[in-house]
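For reference, the structure is listed below as C-alpha cells.
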Amino acid sequence: MSARPAETDQPAKEPRRKGRLHTSTVDALHRMIVTGDLEPGQKLREQELCERLGVSRTPLREALRTLAAQGLVQLTQNRGAEVAPLTLADITALFDVVGSLEALAARLACKAMTDEAIAEIGVLHYRMMLHHVRDELPDYFALNQQIHRAIIEGAQNPVLLGVWEALAARVERAKYLPNLQPNRWKAAMHEHDAMLAALVARDGNELGRLMEAHFHNGLAAILAANGAEAPPETAVDGSA
C-alpha cells in the first residue's frame with residue numbers, strides 16, 4: 001500500500017503571509033504620516049512608495065485604502081492618493097472631543113483597573129521617561145500612545161473604546177506635533193508624571209482633569225506655533 005503524500009499547509013500559510021504584509025505596510029505608512037515624513041497634502045506616488053517599502057502595488061493600494069478609512073489618506077479618482085490635510089480646525093475639534101473622552105475614561109479607569117494593570121502603566125511610564133532623557137521622540141511617542149490606550153481600555157467601557165478608536169489615528173497624528181517643540185515635550189513629560197501619580201492614588205477626578213488639560217496644553221502649543229490669529233483652515237506647522 002503506497003504512502004499518502006504529505007499534506008501541505010501552504011494554502012493556510014498564504015493568507016497569514018498576506019495579512020502580515022498588509023499590517024507591516026499599513027504600519028510603515030502610518031508611522032511616516034504621523035511623524036511628518038509624509039507631509040499633509042503630499043501626493044503619494046505608488047512607484048516611489050513601492051520601492052521605499054519593498055512591496056508591490058497591490059499591498060500598497062490595500063494599505064492606502066485602510067489609511068483612508070482611518071482619515072490619514074485621501075483617495076480621489078483624478079488625483080490619486082495624498083496625505084490628508086491637517087488644519088487648526090481639525091486639531092481643535094479632535095483635541096476637544098478626545099480630551100473629554102479621556103477625562104471620562106480616567107474617572108472610570110481609576111475605579112475599574114486592577115493594581116496589576118496600574119503597575120504595568122507605571123512600567124510603561126518609566127520606559128517612556130528614559131526615551132525622553134535620550135531625546136528619542138518616536139520611541140517616546142509609541143509608549144505614550146500605549147499609556148493612553150491602556151487607560152482607555154482600563155475604563156472597561158466598550159462604547160467609549162469604540163468612539164476613541166474611530167478617532168485614534170487622526171489624534172495620534174495631531175498629538176505628535178506639539179512634542180516637536182522641546183519646551184512642550186518637557187512639559188508633557190511632567191504632565192504624565194502627575195497623571196501617573198493620580199492614577200496610582202485612584203483619584204479619578206484629578207486624573208480626568210489632568211488628562212483634559214494635557215490635550216488643551218498640546219493644542220495651545222500648536223496654536224502658538226502657528227500664530228494666535230491663524231484662521232482655523234490654516235495648515236499646521238508643528239516645528240516652530
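The values are calculated or read from the model by the stated rules, or taken from the named source; none is laboratory data. These numbers come from a predicted model, not from an experiment. Neighbour counts are summed over all protein chains in view; Cβ atoms, including those assigned to glycine, are modelled from backbone coordinates with ideal geometry.
Within region 65-85, the set of residues being modelled with pLDDT under 90 and under 13 Å from GLU46 (Cα atoms) comprises ARG79, GLY80. Here region 86-117 is the region considered, the condition is being β-branched (Val, Ile, Thr) and surrounded by fewer than 19 Cβ atoms within 10 Å (Cβ to Cβ), and the residue that is modelled with the highest pLDDT is THR114.
Annotation: PRO59 fulfils all but one of (1) in a loop (DSSP other than H, G, I, E, B); (2) touching a helix residue (DSSP H, G or I) at 6+ places or on another chain (Cβ under 9 Å); the unmet one is (1).
The set of residues from region 110-130 being without any contact (Cβ under 8 Å) to a residue 12 or more places away in the chain and not β-branched (Val, Ile, Thr) comprises ASP115, GLU116, ALA119, TYR126, LEU130. Determine whether VAL133 is out of contact with any His (no Cβ under 6 Å at 6 or more places or on another chain), over 25 Å from GLY71 (Cβ atoms) and without any contact (Cβ under 8 Å) to a residue 40 or more places away in the chain. Answer is yes for this residue.
One line per residue, one yes/no per condition, for (1) polar (S, T, N, Q); (2) more than 27 Å from MET211 (Cβ to Cβ):
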residue	(1), (2)
ARG65	no, yes
GLN70	yes, no
GLY80	no, yes
VAL83	no, yes
LEU88	no, no
ALA93	no, no
ALA105	no, no
ASP115	no, no
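Selection of region 142-158 for residues being over 19 Å from GLU212 (Cβ atoms) and part of a helix (DSSP H, G or I) yields ALA142, LEU143, GLN146, PRO158.
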